[in-house]
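Structure first, then comments.
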Amino acid sequence: MTDTLPPPPASTQPSVPAPGPPVGHIIAVVLGALGLLIGLAATAAGGAAVWAHSTQRDTDGYFATDAERFETSTHAMTADDIDLGTDPTHEERVFDLGDLATVRLAVESVDDQSVFVGIGPTDDVERYLADVSRARIDDVDVAPFRVRYDYEKGGAPAAEPGSQDFWAAQAEGTGRQALEWELESGEWSVVVMNSDGSDPVAVEASVGVKADWVLPFGIGVLTFGLLSLLGGAALLVFGAVALARRLETAPAGGPAAAGPLALTGRLDAPGRLLWLVKWILVIPHLIVLAVLWLTVAVVSFVAFFAILFTGRYPRSLFDFVVGVMRWTWRVGFYSFSALATDRYPPFALGATPDYPATLDVAYPTQLSRGLVLVKWWLLAIPHYMVLALLVGGGAWAAGNGGAWAGGGLLGLLVLFAGVALLFSGRYPGGLFELVMGLNRWAFRVAAYVGLLTDEYPPFRLDQGPDEPPQRASS
């Protein structure tokens, strides 16, 4: 009788679970981008409020309009329907509107008559002017200045306006007359008349507002905006570094390329019609890439100082930027940088060797501290001028991310390719090689101005799906 032995264990090594999706790091990037956007908006709003308080007030502390001419052949001129909420005696009144602002109305007769200006409750004003000819100000255009009136027929008032007792604020006399009125809840109307109630009425008028809360509001919002910018930048850098550490290392021993950037694209039998709707299909990618390129802007700012002081681009930040460029190239290859595949691009920063479009940048062990000051603007100006024609200025709006915006010559060529696909079902081979050359030029410049390399991009079109072999720079 033969003893049966149990089968050996399949493996003595403990199984390692696959890493889960980096949800926390993605959330950090998204929150950081939101923090930056909110911070930028708050900083702009707070800065504008501080600037306005410092430079736009007159000697009495009012933000005032220029004096403009208002005239009518009637006995009165009114601005109605100034609705500031409930009646001031209402029990649910929460705060005094007078704490928000003080309004100043300044008028001066153009023919040296005694003029009256008053603010009163709309119901009382309507009763006083019930049978009086008047012009209601319907609309005012600022540039050029123009007033539209709604006219009501009637006669002269039964009594002079200054004799009425319902005015909340009033001013009367010759020369410049100004009333000041602290805002009150209720419905109010502004009335301008000659003091004796005669017609016509013609005045130079201006409106001013004094708000003591503008400066503290501006300082508070500006401070909040700066803190949001700092917090958002910190979250973006943290999330970018964490995501970069998860990227797969590119395999060594690939074909030699003509420079530090290797960009390839394999024509992958695109169909006749899908390109017509790809601008809709890539919207999810465009939203994510907008956030990622905002992150790249912050990361590049940090990397600038790192290179300036150490001569090195932090590896984790470098890998993140390359990952965003790689993602951008895949989306562009699918859509309006090439239209060369119908395979939907993956949502990934890492390398995807099985996708027909690939991009990689060799990591530099040392970068010039001096070049970092000038290469991204001064030295790149010739390339900017050429690429403005080849791929269009709009291609650089996403943080120098390449040529997938589809402008200039590149956009025209890709459109020709789409029309050829529509009518013949074929992508012209020579046209594809030229499109690849334009994209390769743009991404090389993007890598240079993005501080990823010190090697100046060549002024040449290296056409074809693959990088050419290493050769001396032109």
Quickly run through the stretch 52-66 and pick out the residues that are of a type in the set (Val, Ile, Thr), free of Cβ contacts under 8 Å to residues at least 60 places away in the same chain and part of a loop (DSSP other than H, G, I, E, B).
THR59
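For (1) at pLDDT 85 or above; (2) under 22 Å from the mean Cα position of the chain (by Cα), each residue gets a yes or a no:
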| site | (1), (2) |
| --- | --- |
| ALA202 | yes, no |
| GLY208 | yes, no |
| LEU222 | yes, yes |
| LEU229 | yes, yes |
| PRO251 | no, no |
Top-ranked residue of the stretch 161-186 - restricted to ones that are in a loop (DSSP other than H, G, I, E, B) and surrounded by 16 or more Cβ atoms within 10 Å (Cβ to Cβ), ranked as nearest to the chain's Cα centre (by Cα):
LEU183
In the stretch 378-392, the residues that are in contact (Cβ under 8 Å) with a residue 24 or more places away in the chain and part of a loop (DSSP other than H, G, I, E, B)
LEU379, ALA380, VAL391
Would it be correct to say that GLY430 is exposed (fewer than 15 other Cβ atoms within 10 Å of the Cβ) and either closer than 22 Å to VAL331 by Cβ or assigned by TED's automatic domain parsing to the domain that holds ALA297 (or both)?
yes
In this structure, is VAL241 surrounded by fewer than 20 Cβ atoms within 10 Å (Cβ to Cβ) and not hydroxyl-bearing (Ser, Thr, Tyr)?
yes
Selection count, the stretch 109-133, where residues are in contact with a strand residue (DSSP E or B) (Cβ under 9 Å, 6 or more places away or on another chain) and under 14 Å from MET77 (Cα atoms):
15
Please go through the stretch 421-472 and pick out each residue that is within 15 Å of TRP376 (Cα to Cα) and either in contact with an Asp or Glu (Cβ under 6 Å, 6 or more places away or on another chain) or of a type in the set (Val, Ile, Thr) (or both).
VAL445, VAL449, THR453
If we scan the stretch 120-127, do we find a residue that is of a type outside the set (Ser, Thr, Tyr), under 45 Å from the mean Cα position of the chain (by Cα) and either assigned by TED's automatic domain parsing to the domain that holds VAL191 or closer than 26 Å to GLY175 by Cα (or both)?
yes
Specify which of the listed residues (SER198, SER189, SER206) is touching a residue at least 60 places away in the same chain (Cβ under 8 Å), surrounded by fewer than 17 Cβ atoms within 10 Å (Cβ to Cβ), in the same structural domain as ILE137 (by TED's automatic domain parsing) and of a type in the set (Ser, Thr, Tyr).
SER198
Just a yes or no: is a residue in the stretch 296-304 under 30 Å from LEU422 (Cβ atoms) and among the hydrophobic types (A, V, I, L, M, F, W, C)?
no
Can you give me the number of residues within the stretch 260-273 that are out of contact with any Pro (no Cβ under 7 Å at 6 or more places or on another chain) and crowded, with 20+ Cβ neighbours inside 10 Å?
4
Yes or no: the stretch 17-32 includes at least one residue that is modelled with pLDDT of 90 or more and out of contact with any Pro (no Cβ under 9 Å at 6 or more places or on another chain).
no
In this structure, does ALA257 turn out to be modelled with pLDDT under 90 and touching an Asp or Glu at 6+ places or on another chain (Cβ under 6 Å)?
yes
Criterion (touching a Leu at 6+ places or on another chain (Cβ under 8 Å) and either among the β-branched types (Val, Ile, Thr) or surrounded by fewer than 17 Cβ atoms within 10 Å (Cβ to Cβ) (or both)) met by exactly one of VAL147, VAL117:
VAL117
So which of ARG272, ARG330 is among the charged types (D, E, K, R) and either within 18 Å of VAL445 (Cα to Cα) or part of a helix (DSSP H, G or I) (or both)?
ARG330
Matching option when the condition is farther than 30 Å from SER54 by Cβ, among the β-branched types (Val, Ile, Thr) and not in a strand (DSSP E or B), among VAL241, VAL221
VAL241
Cross-chain or 6+ apart pairs with Cβ under 9 Å, the stretch 166-180 first and outside the structural domain of SER206 (by TED's automatic domain parsing), then β-branched (Val, Ile, Thr):
none
Selected residue (criterion: surrounded by the most Cβ atoms within 10 Å (Cβ to Cβ)) from residues of the stretch 97-114 that are modelled with pLDDT under 90 and within 22 Å of ASP60 (Cα to Cα)
ALA101
Considering only residues that are hydroxyl-bearing (Ser, Thr, Tyr) and surrounded by 15 or more Cβ atoms within 10 Å (Cβ to Cβ), look in the stretch 37-64 and name the one that is nearest to ASP141 (Cα to Cα).
TYR62
State which residue is nearest to GLY231 (Cα to Cα) when the search covers only the stretch 274-322 and only residues that are crowded, with 19+ Cβ neighbours inside 10 Å and of a type in the set (Phe, Trp, Tyr).
TRP293
I want to confirm something. Restricting to the stretch 67-93 and keeping residues that are at pLDDT 90 or above and of a type in the set (D, E, K, R), which single residue is nearest to SER133 (Cα to Cα)?
GLU71
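The values are calculated or read from the model by the stated rules, or taken from the named source; none is laboratory data. Small disclaimer: the values here were computed from a predicted structure and weren't measured. Every residue, glycine as well, gets a Cβ built from its backbone with ideal geometry; the counts of neighbours run over all protein chains shown.
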